[in-house]
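What follows is a single structure, written as structure tokens, with notes after it.
The values are calculated or read from the model by the stated rules, or taken from the named source; none is laboratory data. These numbers come from a predicted model, not from an experiment. Virtual Cβ from ideal backbone geometry, glycine too; neighbours counted across all protein chains shown. Surface accessibility is based on the protein's heavy atoms, side chains included, excluding ligands, DNA and RNA. Shrake-Rupley method; radii C 1.70, N 1.55, O 1.52, S 1.80 Å.
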Amino acid sequence: MKLFPYGHATHPQWQMAAGLVLAQLRAYLALPGYAKSPTLALLYITDHYAPHAQDILDHLSAELPDVTDWSGTVGVGIASNNVEYFDEPALTVMLCELPHNQYRVFSGVSPLPPASSGRFKAHTALVHADAATPDVAELIAEMAERTDSGYVFGGLASSRSSTVQFALSGHGNVKGQGAAGGVFSGGLSGVAFGRGAALMSRITQGCRPVSADHEITACESNVVTELDGKPALDVMLADLAVSLDEPREALAKVRTTLVGLSRPADIPDDGAPHAAGRRAGQFGAEVRVRHLIGLDPARRGIAIAEVPAVGMKLAFCERNMEAARADLIRVCAEIREELEPEEVTLEVASALSASDAESAPHAARRIAGAIYVSCSGRGGPHFGAPSAEMQIVRRALGDVPLVGFFAGGEIARHHLYGYTGVLTVFTAPA
């Protein structure tokens, strides 16, 4: 598998940005180490371009007629190798060269067939979803059940204007889309991949626990009333070292507090090594972070943005830049270590140890391309500087073709996460 051509650009006029991206793609297509016959394109745009989504797709697909399949969505920010675009008009494209029998584009009008149908056996899937879709979390879980691995990845589109998704196929994979033209609103869309499209995915958390795990022993709807058999509100106040006798200080602390939820048996099955206990100061991939949305003094309970169940584990947490940085570096290092062969040639060793100035994308890294979906509350601002999150990825993972977007919720395994990053790479054989 050769490297995937990619491009990114910003410009007030989408036509100019598209022209710059097309120039980059054509330059990579001419290089010997890059794919020559890609057929699947991943397209991400910022919400500045959302009103022009159909025109953008029509233009790019006409300029790249050999690329028959398109998928993507909109974000308040988008990402590419070493760069983030927030609050500015921008787009990014990556062209993937995969066998046609190893992927299927799907959308709300042409859903992924069940594995039992025998028409296409999905191993995993890239999923784009509209947060306004009713029961979106349940739909994501159902999508995961349609795959062999039970693992899907992606995110919720994020936009301050229209929320759009791209799903277009010239090979009949999206039947019945009629006059929709490949641009959709609502529901789920994306690309399902067969086992032959080798992928590796990791989840990185952005919050630090500030308490031990507690067991939810009583709850009503979204209000947790007991933790470890004690009033939940009292447990939280003790963990945060605050008191309602000093309401101003207590409310200031509570406003910055989130909760991390997990099930004792919910251990990830994504091929990653997982310690029996929590890494020091970090959550594992089994934890889903949710907002604390209110207090219930009458029942001594706490209201959270989730409907929990008795027996679940709950830990109080807060957003933390250092914890997020360390965990992002960790997942990149895990991927690099798993892909690096035990014995390498001098050429491969030189490519893997190249300095930043020399570290152009190289097939020796065994990564043809990457997709990174991060929370819209992360990105450079959370990491301290413009494009800082993607710069961390580049330094830790190496210089690889990469596209992605900043989402209103991140999808990994069969869950909907918050304040996380989901890094997925297309791997090449050793």
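Selection among M1, Y85, A41 by position relative to the dipole of the range 1-118 gives M1 as farthest towards the positive end (Cβ unit charges, Cα centre).
Quick check: net charge around L188, other residues with Cβ under 12 Å of its Cβ, Lys/Arg +1 and Asp/Glu -1? Neighbourhood net charge equals -3.
Ordering 228-236, 26-34, 373-381, 8-16 by mean Cβ neighbour count within 10 Å, with the highest value first, yields 373-381, 228-236, 8-16, 26-34.
The C-alpha atoms of the chain define a longest principal axis, and helix 388-397 lies at about 70 degrees to it.
Rounded, prolate or oblate: which fits the range 364-413, taking a ≥ b ≥ c as square roots of the Cα gyration tensor eigenvalues, rounded meaning a/c under 1.5, else prolate when a/b beats b/c? The shape class here is oblate. The range 1-126: D in µm²/s via Stokes-Einstein (Kirkwood Rh, Cα pairs, 25 °C, 0.890 mPa s)? This corresponds to a translational diffusion coefficient of 159 µm²/s. Per residue, the solvent-accessible area of the chain (1.4 Å probe, heavy atoms of protein chains only, all protein chains present) comes to 40 Å². Taking 4.7 Å between beta carbons as the limit, the unpaired Cys residues of the chain are C96, C219, C332, C375.
Counting protein heavy atoms only, the chain has 53 percent of its accessible area on carbon and sulfur, 1.4 angstrom probe. Dipole check for the chain: with +1 at the C-beta of Lys and Arg, -1 at the C-beta of Asp and Glu, and the Cα centre as origin, the magnitude is about 380 Debye. Pairs of Lys residues in the chain, spaced 8 or more positions apart or belonging to different chains, with C-alpha separations under 24 angstrom: 5 in total.
Between the helical axis of 14-29 and the dominant principal axis of the chain, each derived from Cα atoms, what acute angle in degrees is found, rounded to the nearest 10? Computed tilt is about 70 degrees.
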